[in-house]
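Q: I have a structure I would like to understand better, so I am pasting it below and will then ask my questions one at a time.
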Amino acid sequence: MTNPLLASLRAAVEQNPDDVPLRVHFAEVLLSAGERDESVRQAGAALSRDPSNAAAMRLLTGSGVGDDVPVPPTAPSSDAHADADADLPTERETIARLDAQFADVVPPMFVDGEAEEPIEPAYDVERSAVKLTDVGGMSEVKARLEAAILAPMRNPELMKLYGKSFGGGLLLYGPPGCGKTFIARAIAGEMGAGFMTVSLSDVLDMFIGQSERNLHEIFQTARRNAPCVLFLDEIDALGQKRSQMRHNAARGTVNQLLNEMDGANNANQGVFVLGATNHPWDVDVALRRPGRFDRTLLVLPPDEPAREAILRYHLSERPVANIDTGKLARQTDGFSGADLAYLCESAAETALLDSARSGKVRMIEMRDLEDALRTLKPSIGPWLETARNVAQFANEGGMYDELLVYLRKRKLL
């Protein structure tokens, strides 16, 4: 057997990779030439294309590393066929031998055995360092929170005397960007409780039933870490009115949320649920009944002291000079906290561009903020338009009485 013959056969196999007899012949020639590893690979490739090929199987089972080159067998008699078949390895033995020989050559296409258990999602429980004293202004909001939630929690003996449990729910609503999430963290900080924040992406899943399981695990995590404040952001997306839904899968998520909040089999002692939404009128009515979100709190745009505190916060780590935050607070009536943050960002951008053009770093000045203020308008206008219609014509049970007072104060009614 010469190298040119091997080269010719190798080229022929590459041209006709599915020609099983040719590949088996090539394997036999390789084995005779002492190329045992290559012979095994070629025989295995032939067997993968024709699992019943006896010649390829004999090459695999008869070409051990320590064996001598086998002598070509004599033609078996018809009486010897039964004995030859009996000597053939079983399918399981052949597969085991192939796995051992090709472990480093061909990656496995499948794995036998039971599937691994799915990894359950992990939800973090943090400790909030924010307190209500860190919330600038908003004295009315703080007073409501103190009376409704915090004062009872600070007096556990009185809670026990009057049969008050640590649990329940509070729905924070109001225009976007006014600090609902910050207030939620402050409540957790005042309580000294764990804090879990949950958004729509933490719950929804493409597979039927998985969203409900995710929601159950979230509540179970909160129960295991009680006392805990569970903050459900954009609750109108998770708990949308079922009458507005077209798909049963979304209804199932709302039903699961209702069950988790006060279901017969769920004990939420030590779990306080906070919900935040810009559109309380889209929240399912069943979520607002006693035992669930039985208390509501309107979070309005920051008042003047709060606006000044917000401006000071966003300017505190920037190079500023001669900034009159009191004057700016008076000029930004109706601005949300997000609007004020963007005002400071715009002023910083102007000073940065001037410094880049001139090559000389300068401070952020009052004129930068006033120039930015001329181009900015409060972002809550569209929300107020919608809220006005709801408060006037859909004030079920007086839920939006506070909102009506605010709208009349701003002469929007």
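The values are calculated or read from the model by the stated rules, or taken from the named source; none is laboratory data. This one's a predicted model, so the numbers in the text were calculated from it and none came from an experiment. Counting neighbours? That spans all protein chains shown, and the Cβs are built from the backbone with ideal geometry, glycine included. Just so you know, the surface numbers come from the protein's heavy atoms only, side chains and all, with ligands and any DNA or RNA stripped out. Shrake-Rupley method; radii C 1.70, N 1.55, O 1.52, S 1.80 Å.
Q: Using only the C-alpha atoms of the stretch 327-413, find the volume of their convex hull and express it per residue in Å³.
A: Values: hull volume 8.3 nm³, N = 87.
In the stretch 327-413, the Cα convex hull volume per residue is 95 Å³.
Q: I would also like to ask the following. Which distance in nm do the two modelled labels at LEU204 and PHE182 give, with both placed 7 Å along the Cα-to-Cβ direction?
A: 2.8
Q: With the other protein chains left in place, how much accessible area per residue, in square angstrom, belongs to the stretch 196-342 at a 1.4 angstrom probe? Please list the in-between numbers first.
A: On the way: 6820 Å² over 147 residues.
Each residue of the stretch 196-342 exposes 46 Å² on average to a 1.4 Å probe.
Q: Treat each spin label as a single point 7 Å out from the Cα along the C-beta direction, and report the LEU161 to ASN389 distance in nm.
A: Here the modelled spin labels are 5.0 nm apart.
Q: With the Cα gyration tensor of the stretch 140-266 in hand, convert its eigenvalues to equivalent ellipsoid semi-axes via √(5λ) and list them largest first in whole Å.
A: On the way: eigenvalues 156, 63, 35 Å².
Result for the stretch 140-266: semi-axes of 28, 18, 13 Å.
Q: Related question: At a Förster radius of 22 Å, what calculated FRET efficiency corresponds to the Cβ-Cβ distance of LEU352 and GLN331, to the nearest 0.05?
A: On the way: r = 23 Å, r/R0 = 1.04.
Approximately 0.45, to the nearest 0.05.
Q: Further question: I'd like to compare 145-151, 301-307: which one has the highest average count of other Cβ atoms within 10 Å, and what's the full order after that? Show your work: numbers first, answer last.
A: Values: 145-151: 15.3, 301-307: 21.1.
Ranked by mean Cβ neighbours within 10 Å, highest first: 301-307, 145-151.
Q: By the scheme Lys and Arg +1, Asp and Glu -1, what is the net charge of all other residues having a beta-carbon under 12 Å from that of LEU232? Could the numbers behind the result be given before it?
A: Numbers: positive: LYS180, ARG292; negative: ASP202, ASP233, GLU234, ASP236, GLU260.
Overall, the nearby charge balance is -3.
Q: Another question, if that's okay. For ARG246 paired with ALA55, estimate the spin-label separation in nm (one decimal), with each label point 7 Å from Cα along the Cα-to-Cβ line.
A: It works out to 6.4 nm between the two label points.
Q: May I ask you to compute the full-extension gain from GLU140 to ARG408, defined as 0.36 nm times their residue separation minus their alpha-carbon distance, rounded to one decimal in nm? Please report the intermediate quantities before stating the final value.
A: Numbers: separation 268, 0.36 × 268 = 96.48 nm, distance 1.72 nm.
Result for the pair: 94.8 nm of gain on full extension.
Q: So, one more: Residues of the stretch 312-333 with the amide nitrogen closer than 13 Å to a label point 7 Å from the Cα of MET366, along Cα-to-Cβ, please.
A: Residues 321-331 qualify, since their backbone N sits under 13 Å from the label point.
Q: Which length gain, in nm to one decimal place, applies between SER48 and ARG374 when the Cα-Cα distance is subtracted from 0.36 nm times their residue separation?
A: Values: separation 326, 0.36 × 326 = 117.36 nm, distance 7.59 nm.
The span from SER48 to ARG374 would gain 109.8 nm if fully extended.
Q: How far, in nm, would the chain grow between ALA151 and ARG312 when pulled straight, counting 0.36 nm per residue and subtracting the alpha carbon separation? Spell out each step's value before the answer.
A: Values: separation 161, 0.36 × 161 = 57.96 nm, distance 2.97 nm.
Contour length minus the Cα-Cα distance gives 55.0 nm.
Q: Please report, as a whole percent, how much of the solvent-accessible surface of the stretch 292-413 comes from carbon and sulfur atoms (probe radius 1.4 Å).
A: Working: 3550 of 6860 Å².
Ligands and nucleic acids excluded, carbon and sulfur reach 52 percent.
Q: Within 13 Å, Cβ to Cβ, of LEU132, how many net charges do the neighbouring residues add up to if Lys/Arg are +1 and Asp/Glu are -1?
A: +1
Q: Quick one: work out Rg over Rh on the C-alpha atoms of the stretch 277-353, Rh as Kirkwood radius.
A: That ratio equals 1.19.
Q: Which value results when the Cα radius of gyration for the stretch 125-187 is divided by 2.2 N^0.38 Å?
A: Working: Rg = 13.0 Å, N = 63, 2.2 N^0.38 = 10.6 Å.
Dividing the Cα Rg of the stretch 125-187 by 2.2 N^0.38 Å gives 1.23.
Q: Starting at 0 and stepping by 5 Å, how many percent of the alpha carbon pairs of the stretch 233-316 end up in each bin?
A: Going out from 0 Å in 5 Å bins, the stretch 233-316 shows 3, 12, 20, 19, 14, 10, 8, 7, 6, 2, 0 percent.
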